[in-house]
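A short write-up of the structure that comes next.
FYI, it's all coordinate maths here, none of it is from the lab. What you are looking at is a predicted structure, and each value in this text was computed from that prediction instead of being measured. Note: ideal-geometry Cβ built from the backbone for every residue, glycine included; neighbour counts use all protein chains shown.
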């Protein structure tokens with residue numbers, strides 16, 4: 001929160017990062033701070049991914065730098081701010097689009113001798129094929145073919161203005177239609193030759209991501225480009241390794257829609273950071289187990305800390321251990337008393353909060369509070385042989401429910417839902433245990 005605004009100011013005012021090795025060093029420093037010098041337990045890509053895709057939204061400085069580069073290059077694409085273009089391209093031999101699309105950098109090497117232009121151009125080349133895999137609509141062959149002079153006029157016609165669709169093919173408009181945009185018949189012939197070459201590549205029919213996220217918007221351009229680059233950078237993490245491990249442990253696949261629902265709305269039942277933290281730790285299997293510690297430190301003992309019999313895998317410690325099973329059975333029985341109906345006891349519901357249709361909609365908020373409180377208690381007794389008692393669960397749940405009632409808000413559900421769950425829990429305690437006097 002403190003560092004990012006300062007870095008963004010630098011990225012947007014001085015685009016002079018030629019060697020990108022500095023980003024790797026900064027990333028290592030950030031990871032040392034996040035993990036307090038210990039070995040990371042979650043991949044950097046997952047940490048930087050957006051929250052709606054199951055990430056932690058940690059800023060990626062390199063992607064922010066590249067997004068800021070595109071904000072700078074926006075003038076190069078649009079060709080509207082002639083004062084800026086003259087200043088930045090004072091020694092250009094060709095039009096800007098000749099460098100951006102027609103590889104005139106190979107002919108005029110002086111273009112990349114400029115410290116700012118070189119840094120920006122390197123970012124463009126990196127993402128060029130992703131952003132524009134066909135001849136773009138914003139490209140101006142007229143400007144690209146023009147010899148660059150100072151105080152060059154603006155208003156260059158782009159492909160979206162000078163070509164038309166004829167059946168399944170594209171055709172350059174006639175000289176008569178373009179008489180206001182071309183100088184003479186020779187100029188028109190030059191554009192026609194360029195059109196024939198670009199036609200082999202094909203033309204962009206719909207608006208590209210570059211147009212919708214960078215060229216058309218007037219506000220929040222940096223955020224739009226960062227989110228676009230982030231999505232591409234983390235696309236190989238769509239099916240995360242933790243999701244695969246959960247499917248192997250549970251014995252069946254969890255639908256991707258259920259994961260998305262968990263990331264987008266499943267954690268909005270509370271404003272309490274401790275509860276959200278536990279959910280994220282469970283999703284990414286953050287807790288160290290005897291099996292993992294034995295692998296890291298080459299230990300001979302990898303047995304469960306509680307039963308001392310089976311291997312202490314993550315799923316065993318959270319679900320299949322006999323002692324843990326008894327604890328979850330106790331929580332399950334108590335929830336049936338509160339809800340006054342029976343529902344299936346599934347690990348994905350109790351450990352991840354993926355409830356589905358197992359619990360009635362009006363009871364889901366309380367179910368999430370109850371199971372998350374139970375998980376936090378298990379985590380407190382992580383390496384101990386004993387497990388929390390029912391009274392401890394009552395106290396822990398009462399604290400979280402009181403917090404929800406005091407804050408008076410549960411996102412997407414409202415204050416009434418909080419009060420209803422709190423009243424239900426108080427009635428349950430008073431009826432069965434006389435622990436709470438209304």
Find, to one decimal place in angstroms, the Kirkwood hydrodynamic radius of the range 155-238, where the mean of 1/r is taken over every pair of different Cα atoms and then inverted.
-> 15.6
Cβ-Cβ FRET estimate between residue 402 and residue 255, R0 fixed at 45 Å, reported to 0.05 | 0.80
With T = 25 °C, eta = 0.890 mPa s and Kirkwood Rh from C-alpha pairs, the Stokes-Einstein D of the range 305-360 in µm²/s is about 200
Rg to Rh ratio, the range 33-81, alpha-carbon atoms and Kirkwood radius?
-> 1.22
Could you check how many percent of all C-alpha pairs in the range 1-48 are farther apart than 17 Å?
-> 47
Write down the radius of gyration of the range 59-117 and its Dmax, each obtained from C-alpha positions, in Å.
-> 12.4, 38
Relative packing of 81-92, 134-145, which averages over residues the other C-beta atoms within 10 Å, highest first = 134-145, 81-92
Would you mind calculating the gained length between residue 223 and residue 166 on full extension (0.36 nm times residue separation, minus the Cα-Cα distance), in nm to one decimal?
-> 16.7 nm
Convex hull volume per residue for the range 321-401, taking Cα atoms only, in Å³ = 89
Relative intensity, log₁₀ I(q)/I(0), of the range 1-98 from a Debye sum that treats every alpha carbon as a point, q = 0.15, 0.16, 0.18, 0.24 Å⁻¹ | -0.74, -0.81, -0.93, -1.32
Here the residues of the range 205-222 lying in the modelled label zone of residue 177, meaning backbone nitrogen under 18 Å from a point 7 Å along Cα-to-Cβ, are 205-206
Relative packing of 267-273, 293-299, which averages over residues the other C-beta atoms within 10 Å, highest first | 267-273, 293-299
When the label point is put 7 Å from the Cα of residue 326 along its Cα-to-beta-carbon vector, which residues of the range 373-388 have a backbone N closer than 12 Å?
-> 386-388
Using only helices, what value at 222 nm comes out for the chain when you add -39,500 (n - 2.57) per DSSP H run of length 4 or more and divide by the total residues, to the nearest 500 deg cm²/dmol?
-> -15500 deg cm²/dmol
Evaluate the Kirkwood expression for the hydrodynamic radius of the range 190-283, namely the inverse of the mean inverse distance over all pairs of different C-alpha atoms, and round to one decimal in Å.
-> 17.7
Intensity falloff of the range 106-164 expressed as log10 I(q)/I(0), Debye formula with alpha-carbon point scatterers, at q = 0.12, 0.13, 0.22, 0.28 Å⁻¹ | -0.41, -0.48, -1.16, -1.14
What is the distance in Å between the Cα centres of the range 139-192 and the range 6-84?
-> 37
Per residue, the convex hull volume that the Cα atoms of the range 258-328 enclose (Å³) | 112
Give me the percent of Cα-Cα pairs in the range 3-211 that sit more than 29 Å apart, rounded to a whole number.
-> 38
Share (percent) of C-alpha pair distances in the chain greater than 27 Å works out to 65
Could the peptides 205-211, 252-258 be put in order, highest first, of the mean number of other beta-carbon atoms found within 10 Å of their residues?
-> 205-211, 252-258
Give me the Debye-computed log₁₀ of I(q)/I(0) at q = 0.12, 0.13, 0.14, 0.19 Å⁻¹ for the range 241-432, equal point scatterers on Cα only, no solvent, two decimals.
-> -0.60, -0.70, -0.81, -1.44
In degrees, nearest ten, helix 322-339 long axis to first principal axis of the chain (Cα) = 90
Points 7 angstrom from Cα along the Cβ direction at residue 133 and residue 83: gap in nanometres?
-> 4.1
